[in-house]
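Trainee: Before I ask anything, let me first share the structure, which is written out below as structure tokens.
Laboratory data are not the source of any read-out in this text; all were calculated from the coordinates shown. Since the structure is predicted, the reported quantities are computational estimates derived from the model, not experimental observations. Neighbour counts run over all protein chains shown; Cβ positions are idealised from the backbone, glycine included.
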Amino acid sequence: MSVIKAEGVTFVYGQGTPFQKTALDDVSFEMREGEFVGLIGHTGSGKSTLVQLLNGLLRPTKGKILIDGNDIWQNPKKIRQVRFKVGLVFQYPEYQLFEETVAKDIAFGPKNMGLPEDEVEKRVQKAARFVGLREELMEASPFELSGGEKRRAAIAGVIAMDPDVLILDEPTAGLDPLGRDALLDQIVSYHKVRRNTVLLVSHTMEDIARIADRIIVMSKGKNVLFDDTRKVFSQGEELEKIGLQVPQITKIMMMLRKNGFPVDSSVLSVEQGFQEIISCLSSD
């Protein structure tokens with residue numbers, strides 16, 4: 001079942017001015033309920049514009065964004081409700097923290113939804129657990145937290161609204177490898193429990209390969225590919241032509257296959273690659 005859908009979406013910045021620029025050109029796709037989708041593309045491919053359109057922060061120049069089959073701009077006065085259904089976590093979201101305490105910051109979204117105080121409190125606590133924030137941090141100032149903790153607090157603020165679709169735009173940008181892996185693991189755990197639809201924007205192919213069910217590939221304002229993760233990364237040469245890299249292990253397996261070794265070149269993890277090589281050596 002489709003939960004969010006783009007139909008022939010075009011978006012033009014500065015339309016009718018000398019600075020007119022087409023950021024998206026006739027983009028169409030749909031995401032199913034409960035799936036984890038990756039969004040990749042070179043810088044300037046239209047990724048950030050697309051996620052803002054899905055959240056209703058931008059309005060398409062042409063085409064439609066549908067949620068549960070309904071055009072989100074059918075009634076512009078209700079567009080705010082869309083942002084409760086489609087939660088968007090911006091790149092470097094910790095810069096949006098502003099409340100006196102972490103708990104108040106996480107509660108900001110649910111309070112704006114008009115929820116009762118006891119429900120707000122439940123959501124704050126649940127969201128904090130999802131992202132791995134320790135209880136003793138809840139009454140601290142968000143500005144006293146570490147970089148990784150600030151990131152978690154900001155993400156918790158969106159999760160607390162319990163959106164049907166959660167969009168994360170480069171959520172691990174600027175984090176060290178350990179912090180990045182820990183945060184991604186928390187996001188995956190959240191998705192397994194909540195079973196909503198998640199769209200993750202990332203330039204790290206290994207991250208996308210590890211956690212996404214399907215991948216949207218953007219290039220020059222168009223979605224040039226949308227398929228299962230393995231199928232997308234099996235087209236390594238095509239991806240490289242548009243400035244993208246496949247995961248390192250996938251690239252190694254492609255090189256082995258090109259040199260005559262009968263291995264599966266669509267593997268996405270070191271563990272899968274190891275098993276392929278062992279099987280290949282055992283068959284000789």
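Trainee: Given Cβ point charges of +1 (Lys, Arg) and -1 (Asp, Glu) and nothing else, what value in debye, to the nearest 20, does the dipole of the chain about its Cα centre take?
Mentor: Charge dipole of the chain: 900 debye, to the nearest 20.
Trainee: Further question on the same structure: Starting from the Cα-Cα distance between LYS111 and LEU178, subtract it from 0.36 nm times their residue separation and give me the gain in nm to one decimal. Write out the running numbers ahead of the final one.
Mentor: Working: separation 67, 0.36 × 67 = 24.12 nm, distance 3.31 nm.
Length gained, LYS111 through LEU178: 20.8 nm.
Trainee: Given +1 on the Cβ of Lys and Arg, -1 on the Cβ of Asp and Glu, and no further charges, what dipole in debye does segment 131-284 carry about its Cα centre, rounded to the nearest 20?
Mentor: Details: 18 positive and 24 negative charges, 99 e Å.
So the dipole magnitude of segment 131-284 works out to roughly 480 debye.
Trainee: Need the C-alpha centroid separation for segment 209-228 versus segment 16-62, integer Å.
Mentor: Going from one Cα centre to the other spans 12 Å.
Trainee: A further question follows. Quick one: Kirkwood hydrodynamic radius for the chain, alpha-carbon pairs, angstrom, one decimal?
Mentor: Details: mean 1/r = 0.0495 Å⁻¹.
Roughly 20.2 Å, rounded to one decimal.
Trainee: I would also like to ask the following. Which aspartates and glutamates, if any, have their Cα less than 15 Å from the Cα of LYS85, not counting same-chain residues under 8 positions apart?
Mentor: Within the straight-line limit of under 15 Å, LYS85 reaches these aspartates and glutamates: GLU33, ASP68, ASP71, ASP162, ASP164.
Trainee: Oh, and also: Arranged from highest to lowest average of other beta-carbon atoms within 10 Å per residue, in what order do the peptides 80-87, 94-101 appear?
Mentor: Working: 80-87: 18.2, 94-101: 14.5.
Ranked by mean Cβ neighbours within 10 Å, highest first: 80-87, 94-101.
Trainee: HN-Hα J couplings of segment 57-70 from phi, Karplus 6.51/-1.76/1.60, θ = phi - 60°, integer Hz, Gly and Pro as x?
Mentor: Karplus values, whole Hz, x for Gly and Pro: 6, 10, 10, x, 5, 9, x, 9, 10, 10, 10, 6, x, 10.
Trainee: Residues with amide H under 5 Å of THR10's amide H, sequence separation 5 or more or different chain, H placed in the peptide plane at 1.01 Å from N; which?
Mentor: ASP26, VAL27, THR61, LYS62, GLY63
Trainee: So what are the ³J(HN,Hα) numbers for segment 21-38, from phi and the Karplus equation (6.51, -1.76, 1.60; θ = phi - 60°), rounded to whole Hz, Gly and Pro as x?
Mentor: Karplus-based 3J(HN,Hα) across segment 21-38 equals 8, 7, 8, 10, 9, 6, 8, 9, 5, 9, 10, 7, 4, x, 8, 10, 10, x Hz.
Trainee: Length gain on complete extension for the stretch LYS77 to ASP26, per 0.36 nm per residue less the alpha carbon to alpha carbon distance? Intermediate values should be presented prior to the final figure.
Mentor: Numbers: separation 51, 0.36 × 51 = 18.36 nm, distance 2.55 nm.
Length gained between LYS77 and ASP26: 15.8 nm.
Trainee: Could you pull out every one of the lysines with an alpha carbon less than 26 Å from that of LYS251, ignoring same-chain neighbours closer than 8 positions?
Mentor: Partners within reach: LYS47, LYS220, LYS222, LYS231, LYS241.
Trainee: Just want the answer: with Cβ charges of +1 for Lys and Arg and -1 for Asp and Glu, which residue in VAL270, VAL201, SER28 is farthest toward the dipole's positive end in the chain?
Mentor: SER28
Trainee: Choose one answer from VAL246, VAL270, VAL89: the residue with the largest mean-square fluctuation in a GNM of the chain with alpha-carbon springs under 10 Å.
Mentor: VAL270
Trainee: Now a separate question. Which one of GLY273, GLY56, GLY69 has the biggest mean-square fluctuation once the chain is modelled by GNM with Cα springs under 10 Å?
Mentor: Of GLY273, GLY56, GLY69, the most mobile in the Gaussian network model is GLY69.
Trainee: Would you mind putting 4-15, 34-45 in packing order, based on average other-beta-carbon counts within 10 Å, highest first?
Mentor: Numbers: 4-15: 17.1, 34-45: 19.8.
Sorting 4-15, 34-45 by mean packing, highest first, produces 34-45, 4-15.
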